[in-house]
Structures are given as C-alpha cells and as structure tokens.
Amino acid sequence: MKRRNVYANIAMFSKLVILLPLLISVVASLDTNFIYNGFRSVNLSLDGIATITSNGLLELTNDTRQQKGHAFYPTPISFKNSLNDIAFSFSTTFVFAIVSEYPTLSGHGIAFVIAPTRGLPGSLPSQYLGLFNETNNGNSTNHVVAIELDTIQSHEFNDINDNHVGVDINSLDSAKSTSAGYYANSGGFMNLTLISGHPMQVWVEYDGVKKQINVTLAPINVDKPKIPLLSLSRDLSPIINKTMYVGFSSSTGSVLTSHYVLGWSFKMNGKAQELALSQLPKLPRGKERSKLLTIGLPIILVSLVLVAISGITFVIKRKRKFAELLEDWELDYGPHRFKYKDLYIATKGFRDKELLGSGGFGRVYKGLLRTSKIEIAVKKVSHESRQGMREFVAEIVSIGRLRHRNLVPLLGYCRRKGELLLVYDYMSNGSLDKYLFDQPQVTLSWSQRFQVIKGVASGLFYLHEGWDQVVIHRDVKASNVLLDGELNGRLGDFGLARLYDHGTDPQTTHVVGTLGYLAPEHTRSGKATTSTDVFAFGAFMLEVACGRRPIQANGPSENSILVDWVFSHLSQGEIMEARDPRFGTNYVAEELQLVLKLGLLCSHSEAAARPSMRQVVQYLEGDVPFPDLTSLGLSSTGLTFAHGDGFDDFFMSYPSSTNQAFSHTSSIAESLLSGGR
C-alpha cells in the first residue's frame, strides 16, 4: 500500500514538472499588455518611410509615391505554448486616419499585422500593402495574419470594392471581407469612407476557444458597436508560430496619401485597455507653413538691414553675385551657354513682376536680352547635385538643335551654383490652359482649338520620328502648350524629355509626369515610350475639346474622370454633348467628333491598341479615314480588350457612374490610374 502511494506521488510530481514550463509560458503571455495614447517617446521598430511626428502621430506613409512603411512592437510575443499547440486569445484596438490629396482617390490602405518578422522583407508597396510580393503572396509558409483597411479595388486579389475591411491569411486574397461601416445600436448599417480623413477606431478580437476572429469599426466619436462588422471562424493555430510580432503596414501608389495611427492598445488572453481618446495627438490640419515664411523671411529682413548699413560689403557681394560655375567640358557648348548676368538683367533680377508661372520643376520668368532685343522665357531649375550634370547639359544642347514650327525653341542654358537655367523663345499669348479652365476671360473658338491640336500633334510626331534620335516628351498637357502671337500651338517644357536611339528601349525607369496623363504601363514599369506620349496626347485632345481637366479633384465623383465622362456620352450615342459649351454651335461636327473619338482611342489602356503619332497626324489631316471604334475594342457597352487577361494587371477602381453599367468590361478611365491597387 505504501509503495503504491509512493508511485502515485512520483507520478504527480512528474506531471507537475511537465506542466511547469507550460504554466510559466501562459503567465508570460498574460503579461503581454501595452497601451499607447500617442507615440511620442515610444520605442517601436520602424522601417520604410514610417516615422513618428513631433506631436506623437505614427505616420506610416507620407506624400511619397510607390513607398511602404512598417511599425512593429519591438519584442516578440508568445502566442502559444509550443509550435504545435493551440493559439491563445488576444485583443487589440487602434485609432487610424487616412488623408489623401483627392477626395475620391487614395492609395493604398493600412493593415494590422501579426507576422514572424518585424520588417516583412521583400514586401512591395502599392497593391501589396507592404505585406507580400508577387512571388510569396498566398504561400502557406508566410505565417502572416492581417486585418486590411483597403482603399483601392484590385481584381487580381478579388477585392469586393475600393472601401472595405478584410481578414488576410497568408494572402491578399482575403479570407473574408465586407464594406467599411458599422452596425448602430438601432440595428441599421452605417457606411464609412476610409479615406475621409477622419479618425476611426478598430477593434480586433480572437477567441482561442471558439476559434473566431471579430473585427469592429466605428468613428472615433461612437462607442464600440455591439455587433462586429465581420466575423470569421478560423483556427489560427496552424498559421501563427509560437512567437510572433504585432504591428502595422501601409503603402502608397500613384496618389499621394498619408496613413496615420493615433493610438494603440494590445493584450494577450484578455480585453485590450480602452484608449484615452482625449489624449490622442491631433491630425495635421493642412500643409505646414512654408519655411520661406517662418525661416527665410526673417533672414531676408535682417539681410536688408545689413546691406543698408554696410555699403562697401554690398559692393563686394554684388561682384560675386554673377559668379558662374564653368567647367572645362562646357567649353564645347559655348554658343549654347548664356551668361548669368545677361539673364539677370534681361529678367530685371528675376523679380516677381516678370514671373510667368511656376510648376513642379521650376519658375519661369519673362526677359528681354539687352543686345539683341529678343524676348525670352527663362526657367530656373534647382539642381543641387553635380552627378549626371554633364550628360544632362549635353542632352539640353542636343534638344536645342530641334527645329519645328510647333515646338518652343530651346535657345540654351546657364549654370550657376545649385541652379540650372533654361532659355526659351518667349510665347506672347502664354500657356493654353489659361484659355480652357477656371472661367477664362478669353476663350478660343473651335477652329482655333483644332489648329492647336493639329499643331501639337505635328510637333510631337516630329519628336518621335522626325529627328535623328527619338525624343520622348513625358509631360504632354495643356499647361505645357504655349501660344505664339498668331495663336499657333507650340509644345514646350523639355525639362522632362529623355533621348534614346531609334530602335532601343528607354533607359529611364523613374515615373515622371502628371496624374491624369500617365499611361498604365508607365505607372507600373516606370518606362516612358512614344506610346505613353500618345496616351498623354489623348488626354490633351479631350481637355481641349471639352474644356475640362483630365481629373476634376473637387467635382462630382461620377464626372470626375474626363475620359470616362466622354466615353459615357459615346455609349449613349451623344458624344457631341461632351464638347465645351463655350464655343457654342460654331464648330465643324466632323472635326469635333474625330477629336473626341481619337482622344478615346489614344487613351486605350493597352499600348498596342493606341495609334502612333504618325497615324494621329494622318487622321487629323484627313489623309487616312478614321477607323470604326468597334473593331478596335471600343463598343457602346464599354471598352473591351482583345487580350482580356492582361488587363487585370492594370485594373484600378475608383468611384464612377459608368462602372455599374459595364459588366465584364472596363472603363477607359481605369487607364488613368492603372498600375496601383
């Protein structure tokens, strides 16, 4: 009997020895509990473009295109006792906000992530949300669970729309998803717009016993709804490793978007602590004040006082004022180089009164050369780096040899300190856009517009095929078309042009251009071609004929995309109604219809379907009859493609009235922003 008791005691002791590590592990997991009411002085593991702002906002992405950002809790967390054991319950809540430069367009979303590593190495931005890449998406070896707040529809991942919440398990093809919103206590469903710019709160809860994930969403000023937004019955034990990292991932595409997290709370085996909403940092109200006003203005005022007091110093500095940077290799370009002093005098010291306009690549001033009395336009471009300057100057000199009646002649350049100055012929009637948009004081008749379109087409054709090298303009749009004294259209701004030999591929892969004019293959690969110029020219033709910009940022969502709006009129058999009403009935119907249809054809999402500029000129001059659009994939029910499978790579959704009408077809406007998710 005693021996039996001894054996029983030994057996019980052995069980305690076996259970002791498990109990210790459970206790350790229970201790994982943190709350951040703002992230000032918080130790998080950041990578990509993720930062913590001075007031404590976790900014996962900023106004940078095609980037990603990660932020993870720095310490791994025990999610189960052993690799083959059952996953513990956990709970988390966080407040986020998505702020986009456009009210109806964004990119690309934010995700709460449970992952085996902090940095998610190899992940891609845009439609991949910084979670996976085209190779590992869907692999069971990922061991990643994510709750995505997705703002762009991607058909390659079977997204339901461009405003949804989904549960992702090892793949961006969500295990379950639903439109963003919440169930009010009255039982009704209230829709939410993720890109509204307003803070919203998310609750994610996993019950390790019931094997169920609940996700709840609500505005920051609404208590947690009783009914979850979505529930998924799924055992996470095979997915989650013994220890994992928790955090956030986000990415941007073609539209500038900032993704913020304001506060975060997390707990294993229990309910996460409630965030103190009143203590959360505030979102930025707008762009920060210009450094020119906050820093530069006081410095300028002090400098003026010092100059008034120190006359001798002023004289000495004035002699240095016109110092230029001249290297030996530039001696070959002598006739094409202007003296800075001559340009300074011609523009009356680059004063604001002589300012013609400004853009993303510099400010343009009007000038008059003192000796020749020739009117010029001088563009000042910042160029701090000397790397590549020699090649760039050589390119400018080469472009300066281009001569065509529909191109703005580039006369030469000047280089000084961190500035590059480009000198053009002055066009007395300014840029075309001021005659088209924002209630212009003077409007152009249809015959004048048609002449401008044909002239620009002729100039672009010359760039593509008329010289010994192919010149890709890369930024064809109304604001880059200037009108001379006789209102002839001249294509200008070659600051973005890149040269490459006939028959070779472009050597640049950096996406440069303007949203609304970028072809889908350009945004995906970054490679500019003559076909991407044709796409931009299509948008140009439509904006001239319709008097509207390619994207109306503040207009109604159903009419915000010009090419989609024109195509809707074509589908209804009334394409002439898309014309600019400001030129009344004084127009040639055949010419206007040709321009509108040709603009749609040039806007085709498949590069191979677009005409060349040679063909465009032939159509506009009437040398070749314009083909039937139906045979080219344009039909009254939408824009179809001979190779439909390839279009999924370019598809990008946005709010549009025509989307609902096109079943198993694709709107032309999707070409504008394709390449992002």
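Coordinate-derived values only; no laboratory data. These numbers were taken from a predicted model, which means no experiment stands behind them. Quick reminder, even Gly has a Cβ in these numbers, built from the backbone with ideal geometry, and neighbours come from all protein chains shown.
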Can you give me the distance in nm between label points at THR193 and ALA607, each placed 7 Å from the Cα along the Cα-to-Cβ direction? 3.5 nm
Spin-label pair ALA308/LYS373, simplified geometry with 7 Å Cα→Cβ offset, distance in nm: 3.9 nm
In nm, what is the difference between 0.36 nm times the number of residues separating ASP47 and LEU277 and their Cα-Cα distance? 80.1 nm
By average C-beta atoms within 10 angstrom, highest first, the peptides 109-120, 607-618: 109-120, 607-618
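Which order do the peptides 123-131, 365-373, 590-598 come out in when sorted by mean C-beta neighbours inside 10 angstrom, highest first? If you can, show how the numbers build up before the last one.
On the way: 123-131: 24.7, 365-373: 14.4, 590-598: 19.3.
Packing proxy ranking, top to bottom: 123-131, 590-598, 365-373.
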What's the magnitude of the charge dipole for the stretch 24-279 around its Cα centre, counting Lys and Arg as +1 and Asp and Glu as -1 at the beta-carbon? Answer in Debye, nearest 20. 600 debye
What nm value, rounded to one decimal, do you get for the distance between SER237 and ASP85 when each label is placed 7 Å out toward the C-beta? 1.2 nm
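May I ask you to compute the full-extension gain from ALA184 to MET576, defined as 0.36 nm times their residue separation minus their alpha-carbon distance, rounded to one decimal in nm?
Numbers: separation 392, 0.36 × 392 = 141.12 nm, distance 4.68 nm.
Contour length minus Cα-Cα distance gives 136.4 nm.
Evaluate the stretch 24-279: find the radius of gyration of its Cα atoms, find its Kirkwood radius, and give the ratio Rg to Rh. Walk me through the numbers on the way to the answer.
Details: Rg = 16.8 Å, Rh = 18.0 Å.
So for the stretch 24-279, dividing Rg by the Kirkwood Rh gives 0.93.
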If you look at just the Cα atoms of the stretch 134-218, how large are its Rg and its Dmax in Å? 14.0, 45
Overall Cα dimensions of the stretch 178-295, principal axis frame, Å, largest first: 60, 40, 32
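Within the stretch 390-452, list the trypsin sites (Lys or Arg not before Pro) lying in a DSSP loop whose Cβ has at most 15 other Cβ atoms in a 10 Å radius. Present the calculation step by step, with values, prior to reporting the outcome.
Values: sites: ARG390, ARG401, ARG403, ARG405, ARG415, ARG416, LYS417, LYS434, ARG449; in loops: ARG401, ARG403, ARG405, LYS417.
Counting only loop positions with at most 15 other Cβ atoms within 10 Å, the trypsin sites (Lys or Arg not before Pro) in the stretch 390-452 are ARG401, ARG403, ARG405, LYS417.
Is the C-alpha gyration tensor of the stretch 168-211 telling us rounded, prolate or oblate? Criteria: a/c under 1.5 is rounded; beyond that, a/b larger than b/c is prolate, otherwise oblate.
Working: a/c = 2.02, a/b = 1.35, b/c = 1.50.
Oblate, since a/c reaches 1.5 and b/c is not below a/b.
All other residues with a Cβ under 13 Å from the Cβ of ILE147 taken together, and with Lys, Arg as +1 and Asp, Glu as -1, what is their net charge? Present the calculation step by step, with values, prior to reporting the outcome.
On the way: positive: LYS176, ARG234; negative: GLU148, ASP150, ASP168, GLU205.
Here the charged neighbours net out to -2.
Within 10 Å, count the other beta carbons around each residue, average over each peptide in 204-213, 577-586, and list them highest first. Numbers along the way, then the final one.
On the way: 204-213: 16.7, 577-586: 14.2.
Packing order, densest peptide first, comes out as 204-213, 577-586.
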3J(HN,Hα) from dihedral phi, the stretch 177-193, Karplus parametrisation 6.51/-1.76/1.60, rounded to Hz, x for glycine, proline: 8, 7, 5, 5, x, 7, 9, 5, 4, 6, x, x, 8, 10, 6, 10, 9
Taking 8 Å as the Cα distance limit and 6 or more residues as the minimum spacing, I'd like the relative contact order of the stretch 24-279 as a percentage. 35 percent
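Between PHE437 and ALA175, what FRET efficiency comes out of the Förster formula 1/(1 + (r/R0)^6) with R0 = 45 Å and r the beta carbon distance, rounded to 0.05? Don't jump to the answer; show the numbers that get you there.
On the way: r = 46 Å, r/R0 = 1.03.
Computed FRET efficiency for ALA175 and PHE437 comes out at 0.45.
Residue separation times 0.36 nm, minus the C-alpha to C-alpha distance between GLU590 and ASP207: what's the value?
Numbers: separation 383, 0.36 × 383 = 137.88 nm, distance 6.75 nm.
So the chain would gain 131.1 nm between GLU590 and ASP207.
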